[in-house]
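**Q** Below: one structure in C-alpha cells.
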Amino acid sequence: MVDFLGKVAVVSGGAQGLGRAFVEVLSSKGVNVLLFDVRSEVLDIASGLGSYVHGLVADVSKLSDVEQVISTACDQFGGVDILINNAAIWKRTPVSQKWEDALVDFDTIMNTNLKGVLMLSRACVPSFKARGGGDIVNISSWDVLPARSFETNPIDQDLYLASKWALNGFTDAWADHLQEYKIRVNGLCVGPMETPMRHAQLSPVEGGPRQESSALAPDDVVRTAIELIDSGRTGENVGLWPGEPLKLGSPPARHLRVTNQ
C-alpha cells in the first residue's frame, strides 16, 4: 500500500473538471499538490485548499512554463512523486474544414495534448529518480479502446483523437524504459465525464443536437487512478466506461496493454 501522506503531485489543467477533482482528492489524502492551468482560477483554488497546495498560472505547451512548474514543485515541496497529465484541448475538427484552419488547430491541440505531456513528463523524471521512483498517469480517452458506445471515435474530432492515440506511444515506451527506476507509467482511458469539456462536446452541431449517454463522476475517476497508483502496476491503459463498474480488472498480458476490456 502506498502511503500518500507527504507525497508531492503535479496536476496539469487543475482549474476545473477532472484536474480539479484530482487536486481536491489528493490534497485530502495529505498529498502536497502543485496545480497549474492557463486559467487564473488556479490561484484561488490553491489558496482555498491550504498551505499544502500551490497554484501556478502556466501553459503546459510552453517549455519555460514547464520548467517553472517543476522548479516550483522542487522549491516548495522538495520534488515530485506523482504526475497527472490532465491538461488537454478539445475542438471540433471535421475533415471538411479548410486545411489552413486544420494546420492551426493541429499545432494548438498537439502542443498541449502531446508536446506538453512530453515536456512535463521528461522534466519530472530526474526528480522521480532522485526520490526512488514515481508515477505518471496520462489522461487518455475511451476512444483509443474497443468501442462500446455510439459516442466512441466521433467523426468530427480527428485531431483530438489523434492526440489521445499518440499518448499510447509515450505510455508504452516510458513504462518499459523507466521500470528499472521504479517509475510507473499508465493511461486512464476515460469515457464521458461531467465536466465543462463534456458540455462543449454535447453542444448542438449541424444536423441537430448530439446524443447524450451517461457520464462518469470525476471523483470516481480520481479514486480509480489512486487505486492504480497504489497497485504498483505499469504500462497499462485502464478503460473506464460510463454505466459500468470502475475497476482495474486483472492485469492484461504484457503485449495487450489494455485493462478492463
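**Q** When the residues of segment 44-103 are filtered to those that are open to solvent by 70 Å² or more (accessible area, probe 1.4 Å), of a type in the set (D, E, K, R) and without any contact (Cβ under 8 Å) to a residue 40 or more places away in the chain, which remaining residue is farthest from Arg184 (Cα to Cα)?
**A** Ranking the qualifying residues of segment 44-103, first place goes to Lys98.
**Q** For segment 144-165, which positions are out of contact with any strand residue (DSSP E or B) (no Cβ under 8 Å at 6 or more places or on another chain) and assigned to a helix (DSSP H, G or I)?
**A** Ala162, Ser163, Trp165
**Q** Anything in segment 105-123 that is of a type in the set (Lys, Arg) and over 16 Å from Ala9 (Cα atoms)? List them, or say none. Spell out the reasoning first.
**A** Kept after step one, since they are of a type in the set (Lys, Arg), are these residues of segment 105-123: 115, 122.
Listed by number, the list holds a single entry, Lys115.
**Q** When segment 166-204 is examined, which residues are found to be charged (D, E, K, R), modelled with pLDDT of 90 or more, over 19 Å from Gly116 (Cβ atoms) and not in a strand (DSSP E or B)? First the steps, then the outcome.
**A** Kept after step one, since they are charged (D, E, K, R), are these residues of segment 166-204: 172, 176, 180, 182, 184, 194, 198.
Now narrow it down to the ones that are modelled with pLDDT of 90 or more: 172, 176, 180, 182, 184.
Those left that are additionally over 19 Å from Gly116 (Cβ atoms): 176, 180, 182, 184.
Once the filter is applied, which keeps residues that are charged (D, E, K, R), modelled with pLDDT of 90 or more, over 19 Å from Gly116 (Cβ atoms) and not in a strand (DSSP E or B), segment 166-204 yields Asp176, Glu180, Lys182.
**Q** To continue, here is another question. Would you tally the residues in segment 135-155 being crowded, with 21+ Cβ neighbours inside 10 Å and of a type in the set (S, T, N, Q)?
**A** Number satisfying all stated conditions: 3.
**Q** Also, I was wondering about something else. Looking only at segment 117-134, which residues are outside any loop (DSSP other than H, G, I, E, B), farther than 18 Å from Leu56 by Cβ and open to solvent by 30 Å² or more (accessible area, probe 1.4 Å)? Let's see the steps before the verdict.
**A** Of all residues in segment 117-134, those outside any loop (DSSP other than H, G, I, E, B) come to 117-130, 134.
Among the residues that remain, those that are also farther than 18 Å from Leu56 by Cβ are: 118, 122, 125-126, 128-130, 134.
Once the filter is applied, which keeps residues that are outside any loop (DSSP other than H, G, I, E, B), farther than 18 Å from Leu56 by Cβ and open to solvent by 30 Å² or more (accessible area, probe 1.4 Å), segment 117-134 yields Leu118, Arg122, Pro126, Lys129, Ala130.
**Q** When segment 9-31 is examined, which residues are found to be surrounded by fewer than 24 Cβ atoms within 10 Å (Cβ to Cβ) and under 15 Å from Asp135 (Cα atoms)?
**A** Val31
**Q** What are the pairs with Cβ atoms under 8 angstrom where one residue, in segment 226-250, is closer than 12 Å to Val190 by Cα and the other, located anywhere, is assigned to a helix (DSSP H, G or I) and open to solvent by 50 Å² or more (accessible area, probe 1.4 Å)? Sequence gap at least six, or different chains.
**A** Leu246/Asp220; Leu246/Arg223
So that you can scan it fast, the table gives a plain yes or no per residue for (1) small (Gly, Ala, Ser); (2) modelled with pLDDT of 95 or more; (3) more than 25 Å from Asp230 (Cβ to Cβ):
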{"position": "Val11", "(1), (2), (3)": "no, yes, no"}
{"position": "Gly17", "(1), (2), (3)": "yes, no, no"}
{"position": "Phe22", "(1), (2), (3)": "no, yes, no"}
{"position": "Val25", "(1), (2), (3)": "no, yes, no"}
{"position": "Leu34", "(1), (2), (3)": "no, yes, no"}
{"position": "Asp37", "(1), (2), (3)": "no, yes, yes"}
{"position": "Ser47", "(1), (2), (3)": "yes, no, yes"}
{"position": "Gly50", "(1), (2), (3)": "yes, no, no"}
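**Q** Does Phe36 count as open to solvent by less than 50 Å² (accessible area, probe 1.4 Å), closer than 17 Å to Ala123 by Cα, touching a residue at least 60 places away in the same chain (Cβ under 8 Å) and of a type outside the set (A, V, I, L, M)?
**A** On the way: open to solvent by less than 50 Å² (accessible area, probe 1.4 Å): yes; closer than 17 Å to Ala123 by Cα: yes; touching a residue at least 60 places away in the same chain (Cβ under 8 Å): no; of a type outside the set (A, V, I, L, M): yes.
Answer is no for this residue.
**Q** Suppose we keep only residues that are under 17 Å from Ala215 (Cα atoms) and of a type in the set (Asp, Glu) within segment 119-160. Which one would you say is nearest to the chain's Cα centre (by Cα)?
**A** Asp143
The values are calculated or read from the model by the stated rules, or taken from the named source; none is laboratory data. Given the structure is predicted, the values throughout are model-derived calculations rather than measurements. In this analysis, Cβ positions are derived from the backbone assuming ideal geometry, glycine residues included, and neighbour counts consider all displayed protein chains. Heads up: the accessible areas ignore ligands, DNA and RNA and are worked out on the full protein's heavy atoms, side chains in. Shrake-Rupley method; radii C 1.70, N 1.55, O 1.52, S 1.80 Å.
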